[in-house]
1. Here are some conditions: (1) farther than 28 Å from Pro380 by Cα; (2) touching a Leu at 6+ places or on another chain (Cβ under 6 Å); (3) crowded, with 18+ Cβ neighbours inside 10 Å. Ser267 meets all but one. Which one does it not meet?
2. If I filter region 217-253 down to residues being under 18 Å from Arg342 (Cα atoms) and polar (S, T, N, Q), which single residue comes out as farthest from the ligand (Cβ to nearest atom)?
3. Does region 25-45 include one or more residues that are within 14 Å of Leu378 (Cα to Cα), within 16 Å of the ligand (Cβ to nearest atom) and modelled with pLDDT of 95 or more?
4. Please go through region 233-255 and pick out each residue that is part of a loop (DSSP other than H, G, I, E, B) and more than 9 Å from the chain's Cα centre (by Cα).
5. Yes or no: Tyr119 assigned by TED's automatic domain parsing to the domain that holds Met249 and in a loop (DSSP other than H, G, I, E, B)?
6. Just to be sure, is Gly140 more than 14 Å from the ligand (Cβ to nearest atom), assigned to a loop (DSSP other than H, G, I, E, B) and either assigned by TED's automatic domain parsing to the domain that holds Ala298 or aliphatic (A, V, I, L, M) (or both)?
7. Given Ser145, Ser179, which one is under 28 Å from Leu124 (Cβ atoms), within 14 Å of the ligand (Cβ to nearest atom) and not in a strand (DSSP E or B)?
8. State which residue pairs qualify: first residue outside the structural domain of Lys253 (by TED's automatic domain parsing) and on the phi > 0 side of the Ramachandran plot and inside region 293-310, second residue at pLDDT 95 or above and in a loop (DSSP other than H, G, I, E, B) in any location, beta carbons under 7 Å apart, and separation of 6 or more residues or different chains.
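The values are calculated or read from the model by the stated rules, or taken from the named source; none is laboratory data. Since this is a predicted model, take the numbers as computed values, not measurements. No Cβ is skipped: glycine too gets one built from the backbone with ideal geometry, and neighbour counts run over all protein chains shown.
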Amino acid sequence: MTDNIYSERIAASLIGNYRQYPVMFDHGDGVWLWDKKGKQYLDMAAGIATSSLGHGHPDLVQAIAQQAKDLIHVSNLYCIDRQIELAEKLKKLFGQGKSFFCNSGAEANEAAIKLARRYHHVCLKKPRDKIVAMSGSFHGRSVASVSITGQEKYQQGFGALFGPVEIIPYNDIDAAKHSLSGYDICALIVEPIQGEGGIRVPDAGYLSSLRTLANETGAVLIFDEVQTGIGRTGCWFAGQHDLVTPDVMTLAKGIAGGVSIGAMMASDHHAQGLALSDDGIVPHASTFGGNPLSCMAALTVLNVIERDHLVQHSSDMGIYMMQLLTELSKDYPLLFGEVRGRGLLCGIDVKQPVRDWIIACLEQGLLITAAGAQTLRLTPALIVQRDDIDIAIERLRHIATIQDKKN
Ligand SMILES: Cc1ncc(COP(=O)(O)O)c(C=O)c1O
């Protein structure tokens with residue numbers, strides 16, 4: 001890649017926590033992005049499963065512009081129409097529950113942990129503290145959410161973490177049974193499909209067995225649907241593939257097409273965990289969470305997904321993309337390994353360093369991301385079409401041909 005002409009300014013002004021690729025985007029349209037030099041890229045990342053309607057979607061742009069004119073922010077000290085409408089819409093899609101709005105996935109998981117703790121401490125008056133989470137999981141970068149993340153690399157260097165937390169193997173129901181057998185677990189948190197951990201789809205029946213286990217032991221079952229939710233996997237929520245309803249569900253990323261918002265939904269019963277105290281003390285809150293602008297963006301995204309049948313489309317396009325990725329893997333067995341995923345959350349294992357692949361893709365005008373140490377992740381906008389997928393696979397194939405000759 002060319003030298004990063006921004007590196008000096010970045011080094012002088014930004015903290016330097018990110019490992020950025022030397023490209024800066026200028027504008028986008030649908031699944032396409034253009035960088036500052038005018039080069040065009042096919043965006044098969046969508047900001048890591050976030051720009052669910054692609055770039056510059058007219059309905060979203062119009063709704064945000066109108067809402068910005070009307071009202072951007074008011075405090076949660078007052079009632080907010082868009083917030084109520086969004087909560088009602090989510091309740092309809094999820095089939096139950098009440099919402100709390102925040103600004104990110106990590107914050108949604110923080111809220112879920114606080115709700116579970118307070119549910120046991122205050123509502124049931126039988127304190128339980130321990131959170132059980134899964135190896136290979138990812139739940140965010142705040143102290144609590146990184147503490148329940150089952151990957152040590154995200155925890156190193158920060159000293160004492162939040163606890164108690166027990167990490168058990170993912171997709172291992174016996175391990176979960178063993179861990180919950182003491183009837184002392186506060187909550188069990190799981191991604192219905194692991195995203196950052198390498199696009200891991202659990203066995204059929206795993207999520208429903210966790211549901212049964214949580215019912216039997218009184219642990220709060222939390223599904224982290226930050227990456228899998230809002231149509232990404234071909235259902236509104238990935239738990240729905242297995243007909244499993246968690247007690248608490250967290251959302252962010254794709255819900256507002258790139259405008260920052262997180263949501264934590266809880267069953268009516270579990271929602272009591274964060275209800276106002278009798279003495280009027282507010283147990284949890286957020287300044288920006290649920291503001292009119294982000295709620296309007298989310299409402300618009302949900303309405304467009306529904307109107308344009310994008311959940312079914314995500315399923316159809318996912319099947320097509322998985323088929324092409326599987327063919328690619330078979331054609332280049334020295335370069336590729338397993339293909340995994342559901343809907344438009346797809347991963348293909350690579351045998352060369354994943355970062356080299358991503359840079360080669362950038363050079364070819366293709367944006368994809370890494371999920372874990374050896375998996376390329378494709379999470380295009382839900383509006384992606386077959387032709388776009390064909391181009392993406394063609395570009396991957398082109399890189400593979402060059403790589404194959406080198407080997
Ligand atoms: C499953 C999952 N949970 C939580 C998060 C954290 O979300 P955010 O970066 O919005 O805090 C992510 C982000 O990748 C995620 O994939």
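1. (2)
2. Residues of region 217-253 under 18 Å from Arg342 (Cα atoms): 223-244, 251, 253.
Subsequent filtering for residues that are polar (S, T, N, Q) retains 227-228, 233, 240.
Values: Gln227: 4, Thr228: 7, Thr233: 12, Gln240: 16 Å.
Going through the qualifying residues, I end up with Gln240.
3. yes
4. Thr233, Gly234, Cys235, Trp236, Phe237, Leu243, Val244, Thr245, Pro246, Asp247
5. On the way: assigned by TED's automatic domain parsing to the domain that holds Met249: yes; in a loop (DSSP other than H, G, I, E, B): no.
When the stated conditions are applied, Tyr119 does not pass them.
6. Values: more than 14 Å from the ligand (Cβ to nearest atom): no; assigned to a loop (DSSP other than H, G, I, E, B): yes; either assigned by TED's automatic domain parsing to the domain that holds Ala298 or aliphatic (A, V, I, L, M) (or both): yes.
Taking the combined requirement at face value, the residue does not satisfy it.
7. Numbers: Ser179 fails: within 14 Å of the ligand (Cβ to nearest atom).
Every option except Ser145 fails the conditions.
8. Correct list of pairs: empty, since none qualify.
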